[in-house]
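> Have a look at the structure that comes next, please.
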Protein chains: 2
Amino acid sequence: MGMDYIKDGAEIYRRSFATIRAEADLSALPGDVAGVVVRMIHACGMTDLAGDVRYDPAIVAAARAALQAGAPILCDAKMVASGVTRPRLPAGNEVLCFLDDAATPQLAATFGTTRSAAAVELWRDRIEGAVVAIGNAPTTLFHLLERLDGGWPRPAAIVGLPVGFIGAAESKAELARDSRGVPFVTLLGRRGGSAMTVAALNALADPKE
Amino acid sequence: MGMDYIKDGAEIYRRSFATIRAEADLSALPGDVAGVVVRMIHACGMTDLAGDVRYDPAIVAAARAALQAGAPILCDAKMVASGVTRPRLPAGNEVLCFLDDAATPQLAATFGTTRSAAAVELWRDRIEGAVVAIGNAPTTLFHLLERLDGGWPRPAAIVGLPVGFIGAAESKAELARDSRGVPFVTLLGRRGGSAMTVAALNALADPKE
């Protein structure tokens, strides 16, 4: 009573990436960035993503070097932290999310912002040279950019992929316009999210498809 | 040096859902299903989703009653399990994912399938009356349908939203064609994923927007 479908995980990956590379227009992207975008497409099923991607050409080299040197990954959402494939991380890197930290609600009240944005305050001591991954809240990305404007140390890379209808497009356009000197990858418009962010992190951590 | 953006979380939610309801064509959906689809759209930023949704009209009542009665949620992916908003669950429901169970690799070898599909075998003792949430692997959904064809007890509801290029569209089309008597919600085509699945679960657990 079995159905006819492919059950071999490696073959599923191979055919998936072949389909993406056949359908998506990756011709404008450097090879290492294309590898990241292929995984982002894999996570959402949409090959038209490539046209909306914006990036610093240094993003892959910068993020990979940071991770190889043991940098932590600072995430805005627990789903992002949960999704990172630990065996792909080159140095057993810490994957941190402070959304549920005991200090976050008071910080949100103090700054009059969301918990997701307030949790950025708890990145302060770890952000220099870290890889930042924002896959949920536009307010997190806005708050981070404000802190960088205020003189915070620079992270090694920003994966900026908040999703949604209020502030997502605006925060990502601002990152693409001026990433405050930090290598970045982002996606213009409303699309984004935790799965796509995890896919980008997994590609940055390890070039293996 | 602040930027101009909305920082009030409640207001962000309110405006987000208002934008979705203004832009998405939800007119063909029952009110309770529309509430689920609004959250799915919120998770991915795409208001055109509504046209690809397929569902059993009983899905919301069935899933909500099961959760209120204490049913577990059986997830294919850790990101799905991680993302469910615990305070929305009406009975402190268990949220289970067996992907990393010690038995899963051997089951995958035995059945010649992916770990994601093999983990379904470990649902056997908990599936009767449970809420199933598949947000990643098409093989998980195919394997579940095969087991239901083989006489397994019925879950209360299936949220079937695997994503991707190999088997995703096919597995969801099969669920929509014949859900084996189980109330379901799915999305035709390649789109889906863990964030959308979590959004659907959060809506099924609690009608509050």
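> How many nanometers, to one decimal and shortest first, lie between the label point of B:GLY112 and those of its other copies, if labels sit 7 Å from Cα toward Cβ?
Spacings between copies for this position, smallest first, are 6.5 nm.
> Students sometimes get this wrong: rank A:TYR13, B:TYR55, A:TYR5 by accessible area, probe 1.4 Å, all chains present, largest first.
These residues rank, largest area first, as A:TYR13, B:TYR55, A:TYR5.
> Moving to a separate point now. What range in chain B is the longest one free of trypsin sites (Lys or Arg not before Pro) that are in a loop by DSSP and have at most 13 other Cβ atoms within 10 angstrom?
Longest stretch, sites excluded: B:1-123.
> Continuing with this model, one more query. Tell me the relative contact order for the stretch A:59-119 as a rounded percent, counting alpha carbon contacts under 8 Å between residues six or more apart.
31
> Mind checking how much accessible area A and B bury in total, 1.4 Å probe, in Å² rounded to 100?
Buried: approximately 3700 Å² between B and A.
> Distance from a point 7 Å along Cα→Cβ of A:GLU23 to each backbone N in the stretch B:157-175: keep the residues under 13 Å and list them by number.
Only B:163-170 fall inside the zone, counting backbone N under 13 Å.
> Where the accessible area of the protein assembly as shown is counted over protein heavy atoms with a 1.4 Å probe, how much of it, in %, is carbon and sulfur?
The computed percentage sits at 50.
> Next up: If you wrap a convex hull around the Cα atoms of the stretch B:1-110, how much volume per residue is inside, in Å³?
It is 192 Å³ per residue.
> With +1 on each Lys and Arg Cβ and -1 on each Asp and Glu Cβ, and nothing else charged, work out how big the dipole of chain B is about its Cα centre, in Debye to the nearest 20.
It comes to approximately 180 debye.
> So, one more: How far apart, in nm, are two points set 7 Å out from the Cα along the Cα-to-Cβ line at A:ARG86 and at A:LYS208?
Once both label points are built, they end up 1.6 nm from each other.
> Which entries of A:LYS172/B:LYS208; A:LYS172/B:LYS172; B:LYS7/B:LYS78; A:LYS78/B:LYS208 have Cα-Cα distances beyond 26 Å here?
As for pairs spanning more than 26 Å Cα to Cα, those are A:LYS172/B:LYS208; A:LYS172/B:LYS172; B:LYS7/B:LYS78.
> With only Lys, Arg, Asp and Glu charged, each at its Cβ (+1 for the first two, -1 for the last two), find how big the charge dipole of the stretch B:90-201 is about the Cα centre; round to the nearest 20 debye.
Charge dipole, the stretch B:90-201, about its Cα centre: 300 debye, nearest 20.
> Another question, if that's okay. Taking Cα atoms, how many degrees apart are the long axis of helix A:194-205 and the longest axis of chain A, rounded to 10 and kept between 0 and 90?
With rounding to tens, the tilt is 80 degrees.
> Would you mind counting up the charge near A:LEU107? Only other residues with Cβ under 13 Å from its Cβ, with Lys and Arg at +1 and Asp and Glu at -1.
So the environment of A:LEU107 carries a net charge of +1.
> Which FRET efficiency value, to the nearest 0.05, do you get for A:ASP32 and B:LYS78 by plugging their Cβ-Cβ distance into 1/(1 + (r/R0)^6) with R0 = 45 Å?
Using R0 = 45 Å, I get an efficiency of 0.95.
> A follow-up question, please. Return a whole-number percent for the relative contact order of chain B, with Cα pairs under 8 Å and 6 or more residues apart as the contact set.
25
> Ordered shortest first, which distances in nm separate the 7 Å Cα→C-beta label point of A:PRO153 from those of the other copies?
For A:PRO153, the other copies' label points sit at 5.4 nm, shortest first.
> Using amide H atoms built in the peptide plane, which far-off residues or other-chain residues are under 5 Å from A:PHE184 H to H?
Here the answer is A:ASP56, A:ILE59, A:ILE158, since their amide H atoms fall under 5 Å of that of A:PHE184.
> Dipole magnitude of the protein assembly as shown about its Cα centre, charges +1 at Lys/Arg Cβ and -1 at Asp/Glu Cβ only, in debye to the nearest 20?
200
> If I build a Gaussian network model for chain B, linking alpha-carbon pairs within less than 10 angstrom, which residue out of B:ALA66, B:ALA28, B:ALA157 has the largest mean-square fluctuation?
Looking only at B:ALA66, B:ALA28, B:ALA157, the largest GNM fluctuation is found for B:ALA28.
> So, R0 is 25 Å and r is the distance between the beta-carbons of B:LEU188 and A:LEU188; what FRET efficiency does that work out to, to 0.05?
About 0.45, to the nearest 0.05.
> For chain B, find the longest principal axis of its Cα atoms and tell me its angle to the long axis of helix B:59-68, 0 to 90°, nearest 10.
80
> What number comes out for accessible area per residue over chain A if the probe is 1.4 Å? Units Å², please.
I get 37 Å² per residue for this part.
> Place the label 7 angstrom along Cα→C-beta at A:GLY92 and in each other copy, then list the distances from the first to the rest in nm, shortest first.
3.5
> Going by alpha carbons, how many degrees (0 to 90, nearest 10) lie between the helix axis of B:138-149 and the longest principal axis of chain B?
60
> Quote the FRET efficiency, to the nearest 0.05, computed for A:ALA103 versus B:ASP101 with a Förster distance R0 of 22 Å and r equal to the Cβ-Cβ distance.
E(calc), rounded to 0.05, equals 0.05.
> Could you compute how much accessible surface A:PHE98 exposes when probed at 1.4 Å, giving the result in Å² to the nearest 10?
Solvent-accessible area, nearest 10 Å²: 40 Å².
> Something else: Name the residues whose placed amide hydrogens come within less than 5 Å of the amide hydrogen of A:GLY129, ignoring near sequence neighbours (fewer than 5 apart) on the same chain.
Amide H neighbours of A:GLY129, under 5 Å, 5+ apart: A:ARG154, A:ALA156.
> In addition: Tell me, which residues of the stretch A:73-122 get at least 50 Å² less accessible area when the other protein chains come in, versus the chain alone (1.4 Å probe)?
A:MET79, A:SER82
> Still on this structure, I have one more. Report the residue of chain B with the smallest Cβ-to-axis distance, using the rotation axis that brings B onto A, in whole Å.
Chain B residue with minimal Cβ-axis distance: B:SER82, 2.
The values are calculated or read from the model by the stated rules, or taken from the named source; none is laboratory data. Quick caveat: nothing in here was measured; it's all calculated off a predicted structure. Neighbour counts run over all protein chains shown; Cβ positions are idealised from the backbone, glycine included. Accessible surface is based on the protein model in full, side chains and every heavy atom, while ligands, DNA and RNA are left aside. Shrake-Rupley method; radii C 1.70, N 1.55, O 1.52, S 1.80 Å.
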